[in-house]
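Remarks on the structure that follows.
The values are calculated or read from the model by the stated rules, or taken from the named source; none is laboratory data. Everything numeric in this text was worked out from a predicted model, so none of it was measured. A quick note on method: Cβ atoms are made from the backbone with ideal geometry, for glycine too, and the neighbour counts reach across all protein chains shown. In case anyone asks, the SASA skips ligands and DNA or RNA and just uses the protein heavy atoms, side chains included. Shrake-Rupley method; radii C 1.70, N 1.55, O 1.52, S 1.80 Å.
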Amino acid sequence: MRTEYEFVLPRGFVDLSGTVHKRGVMRLATARDELEPLRNPTISGPDDPRLTLLVLERVVTQLGSLPLVTMAEMEGLFAADLAYLQDFYGVINFGTEEDIEQLLAARAHQQQPGAEVAQLVIPVA
């Protein structure tokens with residue numbers, strides 16, 4: 001069973017030295033990954049927008065050459081990258097293998113020079 005998936009951010013995280021980190025790895029979430037952030041005293045409840053960042057911080061295991069992915073990196077993502085990671089999380093955790101392959105193929109196509117940017121809509125049950 002595959003538990004880790006590579007991704008490429010649309011824009012990339014820019015660190016303090018100006019290096020852009022686009023490639024990363026996300027692992028499948030566990031129940032603890034979704035429950036533990038709710039125990040954080042700074043989270044007001046399940047609708048708190050920071051909850052998403054805490055969950056992503058736990059499941060994004062690699063981002064470029066960064067030694068560690070922390071809340072600071074999650075908060076520093078461009079909106080397009082955060083949206084991409086949210087979609088990616090939903091597909092790899094709740095979609096089918098076909099959904100995952102479709103997402104990865106669409107992303108690879110967008111990375112090709114001269115490729116038109118198309119919006120991919122994948123239903124997640």
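Matching residues to (1) at pLDDT below 95; (2) closer than 27 Å to residue 96 by Cβ:
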site	(1), (2)
7	yes, yes
18	no, no
26	no, yes
45	yes, no
49	yes, no
53	no, yes
60	no, yes
70	no, no
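Among residues of the range 1-15 that are surrounded by 12 or more Cβ atoms within 10 Å (Cβ to Cβ) and small (Gly, Ala, Ser), those with a Cβ under 7 angstrom from a residue that is in a strand (DSSP E or B) and at pLDDT 95 or above, sequence gap 6+ or separate chain, pair up as 12/20; 12/21; 12/22.
Quick grid of which residues meet (1) in a loop (DSSP other than H, G, I, E, B); (2) in contact (Cβ under 8 Å) with a residue 60 or more places away in the chain; (3) aromatic (Phe, Trp, Tyr):
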{"residue": "47", "(1), (2), (3)": "yes, no, no"}
{"residue": "62", "(1), (2), (3)": "no, no, no"}
{"residue": "93", "(1), (2), (3)": "no, yes, no"}
{"residue": "102", "(1), (2), (3)": "no, no, no"}
{"residue": "107", "(1), (2), (3)": "no, yes, no"}
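Any residue that is part of a loop (DSSP other than H, G, I, E, B) and open to solvent by 80 Å² or more (accessible area, probe 1.4 Å) - is there at least one of those in the range 27-39? Checked against the condition, which is being part of a loop (DSSP other than H, G, I, E, B) and open to solvent by 80 Å² or more (accessible area, probe 1.4 Å), the range 27-39 yields no hits at all.
Of all residues in the range 69-81 being among the aliphatic types (A, V, I, L, M) and either surrounded by 17 or more Cβ atoms within 10 Å (Cβ to Cβ) or free of Cβ contacts under 8 Å to residues at least 12 places away in the same chain (or both), which is nearest to residue 2 (Cα to Cα)? Let's see the steps before the verdict.
Initial filter on the range 69-81 (among the aliphatic types (A, V, I, L, M)): 69, 71-72, 74, 77, 79-80.
Still in the list and also either surrounded by 17 or more Cβ atoms within 10 Å (Cβ to Cβ) or free of Cβ contacts under 8 Å to residues at least 12 places away in the same chain (or both): 69, 72, 74, 77, 79.
Values: 69: 21, 72: 28, 74: 24, 77: 26, 79: 28 Å.
The selected residue is 69.
More than 15 Å from the chain's Cα centre (by Cα), free of Cβ contacts under 8 Å to residues at least 40 places away in the same chain and within 18 Å of residue 95 (Cβ to Cβ), is that true of residue 39?
Numbers: more than 15 Å from the chain's Cα centre (by Cα): yes; free of Cβ contacts under 8 Å to residues at least 40 places away in the same chain: yes; within 18 Å of residue 95 (Cβ to Cβ): no.
Answer is no for this residue.
Does residue 123 fit the bill of being modelled with pLDDT under 95, of a type outside the set (Asp, Glu) and touching a Lys or Arg at 6+ places or on another chain (Cβ under 9 Å)? Here the answer is no, as residue 123 does not meet what is asked. Residues that are farther than 18 Å from residue 34 by Cα and touching a helix residue (DSSP H, G or I) at 6+ places or on another chain (Cβ under 7 Å) were ranked within the range 51-68; the one that is least open to solvent (accessible area, probe 1.4 Å) is 63.
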